[in-house]
Each structure stands twice: as C-alpha cells, then as structure tokens.
C-alpha cells in the first residue's frame, strides 16, 4: 500500500532528480538544465515537511557551530577553504 502510493506520487520526481543531466549532455541549453535542477528543490521541500521546526533549528545550529569552530581553530584560512 505504501509503495503503491509512493509510486503514484513522488517516485517520478525522485527518479528524475537523481539523473545527472548536466553530465549526460542531452542539451546545451542552460535553462532546460536549470529546470531539472529545480526538481531537486522539490525533494528538499518533502524532506523539510517531515522535519519538525525544532529539529530544523537544531540542524542549522549544528552547521553554524561547526563552521565557527573551524574558523576559531584555523583563523588563517580564508572563507573559501572553510
């Protein structure tokens, strides 16, 4: 039942989003390639819908704490290296 529902709703979006269109050289039109990249945003939206607001805050907080810690430990590195 769950797999059937998934196949009917999100499977196509997930499948298309995993194909590396930029490397397949199907088209040289960057606008079309960008449209395929937008499908990845749809997957992100699904993920965020499953996360609670509190959990999302904790993930973001962890990312920034890690970056700040790396900057404190290695102050001579530039932004591009962190």
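The values are calculated or read from the model by the stated rules, or taken from the named source; none is laboratory data. Everything numeric here is computed off the predicted structure, so don't read it as measured data. No Cβ is skipped: glycine too gets one built from the backbone with ideal geometry, and neighbour counts run over all protein chains shown.
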- Message: Checking residue 80 against (1) surrounded by fewer than 12 Cβ atoms within 10 Å (Cβ to Cβ); (2) at pLDDT 70 or above: exactly one of these is not met. Which one?
- Response: (2)
- Message: Given the condition surrounded by fewer than 12 Cβ atoms within 10 Å (Cβ to Cβ), outside any helix (DSSP H, G or I) and free of Cβ contacts under 8 Å to residues at least 40 places away in the same chain, answer yes or no: does some residue in segment 37-50 qualify?
- Response: no
- Message: Yes or no: segment 57-73 includes at least one residue that is modelled with pLDDT under 75 and either under 30 Å from residue 13 (Cα atoms) or surrounded by 10 or more Cβ atoms within 10 Å (Cβ to Cβ) (or both).
- Response: no
